[in-house]
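Worksheet: the structure to be examined is printed underneath.
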Amino acid sequence: MADSKKKEDVGTRVFNAMTMMAASFVARKAITLVWTKVTGKKPPVNPEDPGVAFVEALSWSVLTGVTVAAFRLLAIRAVARKALGGADRESVNAADGQAAHSRQTS
């Protein structure tokens, strides 16, 4: 019993790691495309390089960090939602509904 739980945990961890890597890859591609469209030039390869303008380096770093973190969070939540059983899913949906309801009334 303990072995199957441990294997499940390892499998879940590996799947979550792969999901996070895929989300990071997609986020980087998306933000690079947006950056190129908005600024008309490629994003800085190395923001730490003194040759890159400070505002550009800071903007790229913040935008990349926030976007990658958001994509990772959304990906892991989507995977967790799919993995939940029926009863667990109902309780999560109920909690989400209450949270959405409290946001609408605020």
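The values are calculated or read from the model by the stated rules, or taken from the named source; none is laboratory data. These figures come from a predicted structure and were not determined experimentally. Every residue, glycine among them, receives a Cβ derived from its backbone with ideal geometry; neighbour counts consider all protein chains shown.
The set of residues in the stretch 35-70 being assigned to a helix (DSSP H, G or I) and in contact with a Ser or Thr (Cβ under 7 Å, 6 or more places away or on another chain) consists of Val68 alone.
For the condition basic (Lys, Arg) and under 21 Å from the mean Cα position of the chain (by Cα), Lys42 does not qualify. When Arg77, Arg81 are checked against the criterion of being surrounded by 13 or more Cβ atoms within 10 Å (Cβ to Cβ) and either of a type in the set (S, T, N, Q) or at pLDDT below 90 (or both), Arg81 stands alone in meeting it. A residue that is exposed (fewer than 12 other Cβ atoms within 10 Å of the Cβ) and modelled with pLDDT of 90 or more cannot be found anywhere in the stretch 5-25.
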